[in-house]
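Student: There's a structure below that I have some questions on.
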Amino acid sequence: MPAHETFYEVMRRHGVTRRSFLKFCSLTAAGLGLGPEFAGKIAHALETKPRTPVVWLHGLECTCCTESFIRSGNPLAGDVVLSMISLDYDDTIMAAAGHQAEEILEQTIEKYDGQFILACEGNPPLNEDGMYCIQAGRPYVEKLRHMADHCKAIIAWGSCASWGCVQAARPNPTQATPIHKVILDKPVIKVPGCPPIAEVMTGVITYMLAFDRLPPLDRQGRPQMFYGQRLHDKCYRRPHFDAGQFVEKFDDEGARKGYCLYKVGCKGPTTYNACSTIEWNGGLSWPVKSGHGCLGCAEDNFWDKGSFYSPVTNLGVTGNVESTADTIGGTLAAAAAIGVAAHAAASVVAKATGKKKTQPREEVSNG
């Protein structure tokens, strides 16, 4: 395989037609929240740029990020995505093992020093000098620091790498630590979620490779294109929240009518992610659509914030208002009632005023 092979050449080799390639570029631009004019820029970049090497490391984790990634429906297919990014090392899915696999890391540093992307799934434990996660005879944290010294940028896949997740939950005996608190001298793009949405993961990769820069990040280091809005703001159950219509317990009448799941623990109002827009399983569904509240898995420390089935209190929803679901629902319902009454009163006034204004015209016309 030529070292200078481009993304487009790989796609053609996999049987992807020119038409499908351009459709992919258009869908990618749309998925990244970019205008249609960027589809051509993405196409040009993928046609001309050589594949960028990616080293994918695994610390303390359950492999759910990899499981999500290889099921992406857009880009086109898992094998094309893996070819696009020139995945040089991933001890979960690569064929090599043992010394042969570890030699690839040093070969990547030798050939692409300062040019490759380091993708990290899971986090390093720091207690006992990192001895709770040993890979190839040494602590994972050493392997992480060694590869980070030579990479271009780091992607922290999932809530484990981004925030610590369940491994870092109290009392955290292994001192599991998120990537950005261990690697301080390289840019870290956090892509949280347990796991992240497949299309979010491939979208971040595609943006970095197509534009040769980091995606715009929020103040917590997450790509704004996918983590810029609360789930609550795009949830199809939001009108029920505004109307004060809530599921009180699972399988009650409110649940059957599709009411808001806030009272049974939905963390959508405090969670920033793309679940309610991109959805899961190729856009088929997402937890709230399936009848279960959001756990807030994309947010920091979500595991230690109390029961998944208890509602968030002191919730700012409209302006600076902070209240509970009962107060919010009641207030909004009352406001709606006042609005209806005001509209009715205004209509009466308008009709009366209209009659008064038309009377002189009638007199003049009859005069």
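Student: Provide the FRET efficiency to the nearest 0.05 for the A30-E128 pair, computing r from the beta carbons and using R0 = 51 Å. Please list the in-between numbers first.
Tutor: Numbers: r = 48 Å, r/R0 = 0.93.
Calculated transfer efficiency: 0.60.
Student: Another question, then. When the Karplus curve 6.51 cos²θ - 1.76 cosθ + 1.60 is applied with θ = phi - 60°, which whole-Hz ³J(HN,Hα) does each residue of segment 10-17 get, with x for Gly and Pro?
Tutor: So the J values, rounded to whole Hz, are 5, 4, 5, 5, 8, x, 7, 6.
Student: Pairs to check: K49/K181; K263/K289; K186/K234. Give those whose C-alpha atoms are more than 26 Å from each other in this structure.
Tutor: Details: K49/K181 33 Å; K263/K289 16 Å; K186/K234 33 Å.
Those over the limit are K49/K181; K186/K234.
Student: Please list, in order along segment 276-283, the HN-Hα scalar couplings obtained from phi with the Karplus expression 6.51 cos²θ - 1.76 cosθ + 1.60 (θ = phi - 60°), rounded to whole Hz, x for Gly and Pro.
Tutor: 7, 10, 7, 6, 10, 6, x, x
Student: For K234 and A153, what does the FRET efficiency come to when R0 = 45 Å and r is the distance between their Cβ atoms, rounded to the nearest 0.05? If you can, show how the numbers build up before the last one.
Tutor: Working: r = 29 Å, r/R0 = 0.64.
The formula returns an efficiency of 0.95 here.
Student: Which ³J(HN,Hα) values, rounded to whole Hz and listed in residue order, are derived for segment 91-106 from phi using the Karplus coefficients 6.51, -1.76 and 1.60 in 6.51 cos²θ - 1.76 cosθ + 1.60 with θ = phi - 60°, glycine and proline given as x?
Tutor: Result, ordered by residue: 5, 8, 10, 7, 6, 5, 8, x, 4, 4, 5, 5, 5, 4, 4, 5 Hz.
Student: A further question on this structure: What does the charge add up to near A43, with Lys and Arg as +1, Asp and Glu as -1, over the other residues with Cβ less than 14 Å from its Cβ? Walk me through the numbers before you get to the answer.
Tutor: Numbers: positive: R12, R18, R19, K23, K41, K49; negative: E9, E37, E47.
Once positives and negatives cancel, what remains is +3.
Student: So, one more: Among 196-204, 91-99, 301-309, how do they line up by average Cβ neighbours within 10 Å per residue, starting with the highest?
Tutor: Numbers: 196-204: 25.8, 91-99: 11.1, 301-309: 15.0.
Going by the mean number of other Cβ atoms within 10 Å, highest first, we get 196-204, 301-309, 91-99.
Student: How far is it, in nm, from the label point at I93 to the one at E142 when both lie 7 Å from their Cα along the line to the Cβ?
Tutor: Rounded to a tenth, the inter-label distance reads 2.9 nm.
Student: How many nm separate the modelled label positions at L284 and D252, each set 7 Å beyond the Cα in the direction of the Cβ?
Tutor: The two pseudo-label positions are separated by 3.1 nm.
Student: Obtain the nm distance between the two label points defined at K186 and H14 by a simple spin-label model: each point lies 7 Å from its Cα along the Cα-to-C-beta direction.
Tutor: Modelled inter-label distance: 2.5 nm.
Student: Continuing with the same structure: May I ask what percent, to the nearest 5, of DSSP beta bridges between residues of segment 7-226 are antiparallel? Could the numbers behind the result be given before it?
Tutor: Details: 5 of 22 bridges.
The antiparallel fraction comes to roughly 25 percent.
Values in this text are rule-based calculations from the coordinates and carry no lab data. This structure is a prediction, so every number in the text was calculated from the model and none was measured. We place every Cβ from the backbone using ideal geometry, glycine too, and count neighbours over all the protein chains shown.
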